[in-house]
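Scroll down for the structure; my scribbles are underneath it.
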Amino acid sequence: MRHVLGAWLCALALAVAALPAHAVLPDEILEDPVLEQRARDLSKGLRCLVCRNESIDESNAELARDLRILVRERLVAGDSNSEAMDFIVERYGEYVLLQPTLTGSNLMLWLAGPVMLLLAAGVGFGYLRGRNAGSTRHETALSAEEQARLREILKD
């Protein structure tokens, strides 16, 4: 009976651990629920610069906390969502966005992979086509001298 209860408690602990963790501390939460929801929405789109692929809403890093507070300060100051995001991107660069924009140099990065794939496919296709074209030789008949030599070799 104890083993079954222990297994259930272990399974429950694993299930709770698998839930997304929100690192927003109680002292960060705004009193206005609308502003808090806007802050949460913005925080989910910002990358923790310490954790890399984790949003600042989920990260426990000190820098993520500073960014969450900065987002809330900008919203309380009256910034719109886009103004707050623009302020943070201007300050920390586009790397802070979990979903980078498709403009400028980022567009080049987004398109580089598919362009390189198409280029490699074209080179491979050209190579295979050239190899096949080279293998279709025109065979010529043996001259009378060559036929005589061949008969001589086969007789031995």
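Since every read-out is calculated from the coordinates, none of them should be taken as a lab result. This is a predicted model, so every value here is computed, not measured. Here Cβ is always computed from backbone atoms with ideal geometry, including for glycine, and neighbour counts include all displayed protein chains.
Pop a pseudo-label 7 angstrom from the Cα along the beta-carbon direction at both VAL89 and TRP110 and give the gap in nm to one decimal.
Computed distance between label sites VAL89 and TRP110 equals 1.1 nm.
Just to verify a number: FRET efficiency for THR101 and GLU31, C-beta to C-beta distance, R0 = 25 Å, to 0.05?
Values: r = 33 Å, r/R0 = 1.30.
E(calc), rounded to 0.05, equals 0.15.
Pull out a ≥ b ≥ c, the square roots of the eigenvalues of the alpha-carbon gyration tensor of segment 22-96, then state rounded if a/c is under 1.5, prolate if not and a/b is larger than b/c, and oblate in the remaining case.
Numbers: a/c = 1.92, a/b = 1.14, b/c = 1.68.
Oblate, because a/c is 1.5 or more while a/b does not exceed b/c.
Name the residues whose placed amide hydrogens come within less than 5 Å of the amide hydrogen of SER55, ignoring near sequence neighbours (fewer than 5 apart) on the same chain.
CYS48
Suppose R0 equals 35 Å; then what is the FRET efficiency for ASN81 and LEU118 from their Cβ-Cβ distance, rounded to the nearest 0.05? Don't jump to the answer; show the numbers that get you there.
Numbers: r = 37 Å, r/R0 = 1.06.
Step by step, r from the Cβ atoms, then E = 0.40.
Whole-Hz Karplus ³J(HN,Hα) for segment 56-62, in order, using 6.51 cos²θ - 1.76 cosθ + 1.60 and θ = phi - 60°, x for Gly and Pro?
Per-residue couplings from phi come out as 5, 5, 9, 8, 9, 5, 5 Hz.
Taking θ = phi - 60°, what integer Hz values does the Karplus form 6.51 cos²θ - 1.76 cosθ + 1.60 yield along segment 76-91, in sequence order, with x for Gly and Pro?
For segment 76-91, the Karplus-derived couplings read 5, 6, x, 5, 6, 4, 5, 5, 5, 5, 4, 4, 5, 5, 5, 7 Hz, x marking Gly and Pro.
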